[in-house]
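Data block below; observations after.
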Amino acid sequence: MSFMQEQLMTLPKRLLIPAESCIFRYHGYMPKASLYNNVKWDLHSSMQLYLMRHGEANHQAHSDQERTLTDVGRFQTVMMSQWLSTSVKHFDLVLVSPYVRAQQTWQEVSQYFTEPSQWHVLDELTPLNHASDTMDVILAYAEFYQAENVLVIAHMPLLGYLVNAFLPDVEPPLFSTSGIVLIEKNSLNHSLVWHESPFSCGKAS
């Protein structure tokens, strides 16, 4: 058993999201390639998209994928989760990177919200994935499940470029570990509502 498998074994079973290339439904599965063909784009739909970076992680690991959260990373993730839970009670859809530190971040976050309607692990959320491809996948999942509140837990530099993909007029921002950005989608428009970190949450007026 690899080190990464050992770390994932420590997570509650409900957090171990299948990483196969398919979307599981209540009565079976739909191959990911079919997702885009079945989406009916609603130009009038709205969505609150929360982009979160994983918590601070140790550098000592066999590979980048296997890095685990530090105690500070867990503490700051809990702090951000508590702060966010004052305004959000439920996520319709949660999308998480398969890397251990992202899975552990979701483990901490999930304690402060009701169980999401849908949650999936996506290889498209790893650090060096192309932002425009990741944006298309996020939007396709959100449309397919008619999700209005979506949480994505991923990595830098992807997250910075992802903000720029949604908002071309915005320079790719830096995300602190456990930092969160809220992007609001209304009709064909997207707007950056706020960008918070463990060092700023709750301080903005």
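A short reminder: the numbers here are calculations on the coordinates, not readings from a lab. Please read these numbers as outputs of a predicted model, since none were measured by experiment. Here Cβ is always computed from backbone atoms with ideal geometry, including for glycine, and neighbour counts include all displayed protein chains.
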Based on the alpha-carbon gyration tensor of the range 79-150 and its eigenvalue square roots a ≥ b ≥ c, which shape applies: rounded if a/c is under 1.5, prolate if not and a/b is larger than b/c, or oblate? oblate
Spin-label point model (7 Å from Cα, Cβ direction): what's the Gln82 to Glu115 distance in nm? 2.6
Please sort by residue number the chymotrypsin sites (Phe, Trp or Tyr not before Pro) in the range 161-205 whose DSSP state is loop and whose Cβ has at most 14 other Cβ atoms within 10 Å. Phe199
Average projected area of the Cα convex hull of the range 83-205, in nm²? 7.4
What FRET efficiency, computed as 1/(1 + (r/R0)^6) with R0 = 25 Å and r the Cβ-Cβ distance, is obtained for Gln60 and Asp133, rounded to the nearest 0.05? 0.20
